[in-house]
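Down below is the structure, laid out as structure tokens.
Please treat every number below as a calculation from the coordinates, not as lab data. Remember, predicted model here, so these are calculated numbers, not experimental data. All Cβ positions, glycine included, derive from the backbone under ideal geometry; neighbour counts span all protein chains shown.
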Amino acid sequence: MKTNRIAAAVIGILILIGLATVPALAAGKNQTLTGEVSDAMCGAKHQMPGSAAACTRACIEHGSKYALVVGDTVYTLETSDKAALDKLNDLAGAKAKVTGEVDGTTITVKSVAAGS
């Protein structure tokens, strides 16, 4: 009886380790997502009247981070690469393809291109 409990506990621990490993295996892989370039503060619903591009740029100037709106999900974009930041500024309010490592709702940006 005691052996059965120990075996069950060991199996349970192995299952938990296996479940914890699956997200770790997915992390670190580049993915490409297509969506609208926005900012993390406004997301899909811009607060400023006028264009989405103007609102995005104004929010970025006030310290918000760039974001990519894909369906109902808003991904915060992390990058310090000047070329990527310039491209995000050019594509503010427009469709873009962002490639990078996705971790929850954060993308560490590797590249940015115009979307279709």
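Excluding residues fewer than 8 places away in the same chain, name every one of the aspartates and glutamates whose C-alpha is closer than 16 Å to that of Lys29.
Glu78, Glu101, Asp103
Grab the Cα-Cα distance for Ala114 and Glu101, subtract it from 0.36 nm times how many residues apart they are, and report the gain in nm with one decimal.
Answer, rounded to one decimal: 2.8 nm.
Averaging sequence separations of C-alpha pairs under 8 Å and six or more residues apart, then dividing by the length of region 43-116, give the relative contact order as a whole percent.
So the answer I get is 28 percent.
Per 0.36 nm of contour for each residue apart, how much would the distance between Glu61 and Ala94 grow if the chain were fully extended, relative to their Cα-Cα spacing?
Difference between extended and current length: 10.1 nm.
Using only the alpha-carbon atoms of region 29-114, report the extent along each of the three principal axes, biggest first, to the nearest angstrom.
Computed over the Cα atoms, the extents are 38, 27, 22 Å.
Under 10 Å from the Cβ of Ala67, count the other residues' Cβ atoms, weight Lys and Arg +1, Asp and Glu -1, and hand me the total.
My count for the surroundings of Ala67 gives -1.
Local charge sum around Leu91 (other residues, Cβ-Cβ under 12 Å, Lys/Arg +1, Asp/Glu -1)?
Net of charged neighbours comes to +1.
Under 19 Å from a label point 7 Å along Cα→Cβ of Thr73: give me every residue in region 101-116 with its amide N that close.
Hits in region 101-116 for Thr73 at 19 Å: 101-113, 115-116.
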